[in-house]
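In what follows, a single structure is set out as structure tokens and then discussed.
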Amino acid sequence: MKKQTLVSKDGVEREYLFFDVEFNHHRVVGDSIANEVLDAYEPATCECVLYLPKTYTEDGDETPLILSFHGAGGRVSSELGKVGGLKLATACMDAGYAVLDVNGSALHGLTMGCPEHLFAAYKAYRYVIRKFNLSEKVLIAGGSMGGHTAMNFANTFPSIVLAIGVFYPRLNMDGVTVGDHNCIGTWDKTKPKKDGGPSTHDRIVEIYRFPTDEWCEANTIGFNPYKTRSFINREGERVVIPPCPIKIWQGTEDPTVDPVMVQEFVNSVRRSGSYIELHMMEGVDHHANHVMREELRLWFDRFI
């Protein structure tokens, strides 16, 4: 582990622990009738970052742990001084929570909750709870595409997740029409990145291992939050059954994540009778603010 002290935009100095974990990058995609071993161990390394609060102790009560996942504009890198999704949870960090994020299954970090990203995150989680006096039951946070990752992690490992809190989350990869309004999905983001990197569309083809450039539903099953743990009711409406309570913060002026899609996701969860809260914030765009960070802390305090 490597300790690194960084100063946040609000001028607060905090110490972070950077470390690597090894995970299995191999994944069998699709069905087969071959009478042979198709699975394999393909080692890959992922960089991770952990924050331990000043109240942390090696014995006594466990420190509550949050997994806070970064979006497309973030990553985890000790070399660049990047702490990923931890910057979303600063109010929680200062209130005594430990917080963890991982770069993901590719060096660019834009792995948006694909299976390998979640395997890497789970390995990091197992590592830190063995090494430190941290809670085995965790809270899950994230912003934008990190909200997508947060939902996917909770759906994949429901037995360890207490609650989810996400800011302006990406919830549907391939888009959806609500009434006469078309909510664009991440699949529709075909413009290259400002730094010249591949578009989000092309990243999906890469990290979800699509056989061609065409949409491949089979490769996203279980990792598309609006469709996971869901069904269509008699009225033709989607019903989503989450693994735990959820709270979402969303701005009405968000140009990146459609507020209509977020409201539709909330409605789909409520149709199942499950618990979800939505704080729709008038005039707010695609950025985390003090209100979101403070309410995230208050939301998570309910579960520890």
note = Comparing VAL49, VAL29, VAL128 in a Gaussian network model of the chain (Cα, 10 Å), the one with the largest mean-square fluctuation is VAL29
Linear extension gain, ASP285 paired with LEU107, 0.36 nm per residue minus alpha-carbon span = 61.3 nm
query = Summing -39500 (n - 2.57) over the DSSP H runs of n ≥ 4 in the chain and dividing by its residue number, what mean residue ellipticity at 222 nm do you reach, to the nearest 500 deg cm²/dmol?
reply = -6500 deg cm²/dmol
note = Plugging the Cβ-Cβ distance of THR212 and TYR41 into 1/(1 + (r/R0)^6) at R0 = 22 Å yields, to the nearest 0.05, a FRET efficiency of 0.20
message = Could you tell me the center-to-center distance, by alpha carbons, between region 180-250 and region 1-55 in angstrom?
response = 23 Å
ask   = Which of these values of volume of the Cα convex hull per residue in Å³ was calculated from the structure shown: (1) 149; (2) 122; (3) 166?
value = (1)
ask   = In the Gaussian network model of the chain, springs joining C-alpha atoms below 10 Å, which of SER105, SER77, SER68 carries the largest mean-square fluctuation?
value = SER77
message = Mean-square fluctuation check for the chain, GNM, Cα pairs under 10 Å: which of ILE140, ILE129, ILE204 is largest?
response = ILE129
key: Length added when fully stretched, VAL12-HIS181, from 0.36 nm per residue minus Cα-Cα   = 56.6 nm
key: Student exercise, the chain dipole from Lys, Arg, Asp, Glu Cβ charges, in Debye to nearest 20   = 340 debye
inquiry  = Straight-line reach only, C-alpha to C-alpha below 16 angstrom: list the aspartates and glutamates that LYS82 could link to, leaving out same-chain residues fewer than 8 apart.
reply    = ASP10, GLU13, GLU15, ASP20, GLU47, ASP101
Dipole of region 226-304, positive direction: furthest Cα of LEU298, VAL260, GLY236, with charges on the beta-carbon = GLY236
task = Just need the relative contact order of the chain here, percent rounded to a whole number, with Cα pairs under 8 Å and 6+ apart.
result = 15 percent
remark   = Given the candidates LEU118, ALA218, LEU88, the one whose Cα lies deepest towards the positive end of the charge dipole of the chain, counting +1 at each Lys or Arg C-beta and -1 at each Asp or Glu C-beta, is LEU88
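Read-outs: derived from the displayed coordinates by stated rules, not from any lab. Keep in mind it's a predicted model, so treat the numbers as computed, not measured. Glycine also receives a Cβ, built like all others from the backbone with ideal geometry; neighbour counts cover every protein chain displayed.
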